Amino acid sequence: PPESPRARPRVHASVWWASVVEMARETSAPPPERDGEDAEETEEARRARVRRRLEGSWRAPETSSRQDSRAPSPSPAEEIDFYAVDPSIGFAGATERLRDAWVRKNVERTRSRAKASASRNVGMPECHASPEEPLDPKTWYREFSRQQFAFEWGDAREAEFREMRGGQKEREPQRDAEENRMGSLFLRSEPAKMRYFSLERHGDGRRSFVAASLEAFWSKYEALPADHRHHYELIRADTPCRLYYDLEFSTESNPDVDGVRAVDALVRLTLERLASEHGVGVPRRGMAADGDGAGRDDGTEIDPFDPKDVVVVLKSTGSEEARKKFSRHLVFRLPGAAFASAAHCGEFVRRLHADMSSRRDSDPDCDAVFVRRDTAAKDAPRDVSFVDLGVYTRNRAFRLYLSSKNGKKHRLLPTRRFLDAAARAA
């Protein structure tokens, strides 16, 4: 049987080139002497002989019986039609179409990856329930490799839960009127059914993201060993959050600054501003009050909250680095009220910071919150605040109570001051 084309050995390039050179010499050499009538070869015969020699030196291309599934290359006319801009929409419209197509493609890819990631989490409690067995938020817990996957899964569980419960209840007219009085800066706090966290794997530090209810998360978090807790709360963008501070300064550059005194001053100024500008505080005797901790707008002022009732102070302990700097995390648990988002919280803090800066000469508490920079000399002026204004960004991670950073041993623990509020928060 004839040898298949695939079984033929490939011709080396040098061999093929040598044959071409040899044939070129034959074409340029004079024809050989011949006897008889064919003694002289004509030019046409010589060209035919060379053509046959060249055709014999070429290897036949490999072919396959399988039909080529690739689409044929477009013709020049088709290429021109493809790249041409539709006159009816113009260049801007064509660009917008391409951008929308790209966005849809990435959204679909993200959803497919989220489904694949969810299917790989074997052993995690499933939140799909039959109509006879309603969803139980206590079973909501799942870890993801990406933050967006956790958000999408949590939103889907909450939507499913609301649908099975018949949707959200109608809000009371009195509650809506109270929110309008408070303005867009504040929203009345409502119990969130899904919370979001990030964690660092003990040892390798790989980051994962968790969507869970408070009950399910705390049951797993509490069971972990003390040195394996490296968890952070995700303050999701555009969702209500409590007022929080991240305070820090170098004790080596500020040996004369009393950190506890600075914290007390900041707490007092914050609570006074909440009471005077936003009506969040304790109503005075004889003043009408609602059930959410704010006095009604009848022209009477209200007193600020007692710090022991609303403030939780956490600090890092147990390391040499922690002793070289003063660091505190403050959380204000205002009864029945919260900021509309972390961005609103940051706006409140920045306004308060600007007011403290302008009143440093007249108010000792305002001056107490300003310190020297970390690299400044001990006799340099105190020109910066110990309040970190960069922690109010989107989807901010805030370290949790009892957690430490991966690779370090100092945990975040409550201070002895304001212990009543810390005990209620735990």
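For residues in the range 197-214 being touching a helix residue (DSSP H, G or I) at 6+ places or on another chain (Cβ under 6 Å) and buried (at least 20 other Cβ atoms within 10 Å of the Cβ), which is farthest from E158 (Cα to Cα)?
Restricting to residues being touching a helix residue (DSSP H, G or I) at 6+ places or on another chain (Cβ under 6 Å) and buried (at least 20 other Cβ atoms within 10 Å of the Cβ), the top hit is F209.
Under the condition of being surrounded by 14 or more Cβ atoms within 10 Å (Cβ to Cβ), polar (S, T, N, Q) and part of a loop (DSSP other than H, G, I, E, B), the residues counted in the range 369-407 number 3. Every condition in (1) within 25 Å of D256 (Cβ to Cβ); (2) surrounded by fewer than 19 Cβ atoms within 10 Å (Cβ to Cβ); (3) at pLDDT 90 or above is met by C366 except one, and the failing one is (2).
The C-beta contact set for the range 145-160 (first residue closer than 16 Å to S213 by Cα and of a type outside the set (S, T, N, Q), second residue open to solvent by 50 Å² or more (accessible area, probe 1.4 Å) and modelled with pLDDT of 90 or more, distance under 9 angstrom, 6+ apart or interchain) comprises F151/R236; G154/R195.
When the residues of the range 267-301 are filtered to those that are open to solvent by less than 20 Å² (accessible area, probe 1.4 Å) and in contact with a helix residue (DSSP H, G or I) (Cβ under 8 Å, 6 or more places away or on another chain), the one that is modelled with the lowest pLDDT is A294. Confirm whether F332 is open to solvent by less than 20 Å² (accessible area, probe 1.4 Å) and in contact (Cβ under 8 Å) with a residue 12 or more places away in the chain. Yes, satisfied.
Applying a threshold of 6 Å to beta carbon distances and a minimum spacing of six or more residues, or different chains, the list of pairs starting in the range 241-262 at a residue that is touching a residue at least 60 places away in the same chain (Cβ under 8 Å) and ending at one that is hydroxyl-bearing (S, T, Y) and surrounded by 14 or more Cβ atoms within 10 Å (Cβ to Cβ) reads E248/S327.
Among the residues in the range 165-180, are any outside any helix (DSSP H, G or I), modelled with pLDDT of 70 or more and more than 19 Å from the chain's Cα centre (by Cα)? Outline the logic, then answer.
Initially, the range 165-180 is screened for residues outside any helix (DSSP H, G or I), giving 165-172.
Narrowing further to those that are modelled with pLDDT of 70 or more: 165.
Next cut, more than 19 Å from the chain's Cα centre (by Cα) only: 165.
Yes, the range 165-180 contains a residue that is outside any helix (DSSP H, G or I), modelled with pLDDT of 70 or more and more than 19 Å from the chain's Cα centre (by Cα).
Taking the range 222-276 as the range and being under 26 Å from the mean Cα position of the chain (by Cα) and assigned to a strand (DSSP E or B) as the test, the residues that pass are H231, Y232, E233, L234, I235, C241, L243, Y244, Y245, D246, L247, E248. For the range 243-264, the candidate set comprises residues that are surrounded by 20 or more Cβ atoms within 10 Å (Cβ to Cβ) and not polar (S, T, N, Q); within that set, the residue that is farthest from V384 (Cα to Cα) is L243. The set of residues in the range 143-153 being in a helix (DSSP H, G or I) and either over 13 Å from R111 (Cα atoms) or open to solvent by 40 Å² or more (accessible area, probe 1.4 Å) (or both) consists of Q147, Q148, E152. Restricting the first member to the range 213-235 and to residues that are farther than 17 Å from F144 by Cβ and among the hydroxyl-bearing types (S, T, Y), and the second to residues that are part of a helix (DSSP H, G or I) and open to solvent by 10 Å² or more (accessible area, probe 1.4 Å), the beta-carbon pairs closer than 9 Å and six or more apart or on different chains are S219/K138.
The values are calculated or read from the model by the stated rules, or taken from the named source; none is laboratory data. What you see is a predicted model; the values in this text were computed from it and never measured. Methodologically, a virtual Cβ is constructed for each residue, glycine included, from the backbone with ideal geometry; neighbour enumeration extends over all protein chains shown. We work out accessible area using only protein heavy atoms, side chains counted, and drop any ligands, DNA or RNA first. Shrake-Rupley method; radii C 1.70, N 1.55, O 1.52, S 1.80 Å.
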